[in-house]
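Below is one structure; the comments refer to it alone.
The values are calculated or read from the model by the stated rules, or taken from the named source; none is laboratory data. These numbers come from a predicted model, not from an experiment. Reconstructed Cβ throughout: ideal geometry from the backbone, glycine too, with neighbour counts over all protein chains shown. What goes into the accessible areas is simple: the full protein's heavy atoms, side chains included, and nothing from ligands, DNA or RNA. Shrake-Rupley method; radii C 1.70, N 1.55, O 1.52, S 1.80 Å.
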Amino acid sequence: MFTGAGPGYLLVLALPFLLLVFMFVSQRRRAQQIATFQGSLAVGDDIVTTSGLYATIVALDESVASIDPGTGQPLRFDRRAIGMRVGEGT
């Protein structure tokens with residue numbers, strides 16, 4: 001019959017659960033990093049948007065960032081579209 005497979009069987013059942021916990025924890029950590037980054041943006045920061053546009057922040061409000069890509073003509077972007085500061089890497 002079925003003998004001696006108790007601990008191995010429990011491991012097989014626990015593995016998907018542990019994977020889900022890991023995914024939730026890493027997603028929460030990433031969301032906190034993004035919120036911290038968004039809160040630390042300031043006028044004068046050199047940034048890269050998520051679409052790859054390099055620019056400098058010229059004005060900020062709660063949801064909109066006005067950025068100047070070097071043309072002297074500011075563009076309005078949603079703050080969430082700012083991907084990173086220039087030189088930060090990831």
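Here are some notes:
- Pairs, first free of Cβ contacts under 8 Å to residues at least 60 places away in the same chain in segment 47-61, second surrounded by 15 or more Cβ atoms within 10 Å (Cβ to Cβ) and of a type in the set (D, E), C-beta under 6 Å, six or more apart: I57/D45
- Of all residues in segment 47-74, those being of a type in the set (D, E, K, R) and open to solvent by less than 60 Å² (accessible area, probe 1.4 Å) number 1.
- Flag for G8 being open to solvent by less than 50 Å² (accessible area, probe 1.4 Å), part of a helix (DSSP H, G or I) and either at negative phi or of a type in the set (K, R) (or both): yes
- Just one residue in the set F77, F37, F24 is part of a helix (DSSP H, G or I) and surrounded by 13 or more Cβ atoms within 10 Å (Cβ to Cβ); that residue is F37.
- In the set (1) touching a residue at least 40 places away in the same chain (Cβ under 8 Å); (2) open to solvent by less than 50 Å² (accessible area, probe 1.4 Å); (3) small (G, A, S), the condition left unmet by G87 is number (2).
- Subset of segment 14-63 that is in contact with a Lys or Arg (Cβ under 9 Å, 6 or more places away or on another chain) and among the β-branched types (V, I, T) - its residue that is farthest from G83 (Cα to Cα): I34
- For V25, the criteria (1) modelled with pLDDT under 95; (2) on the phi < 0 side of the Ramachandran plot hold in every case but one, which is (1).
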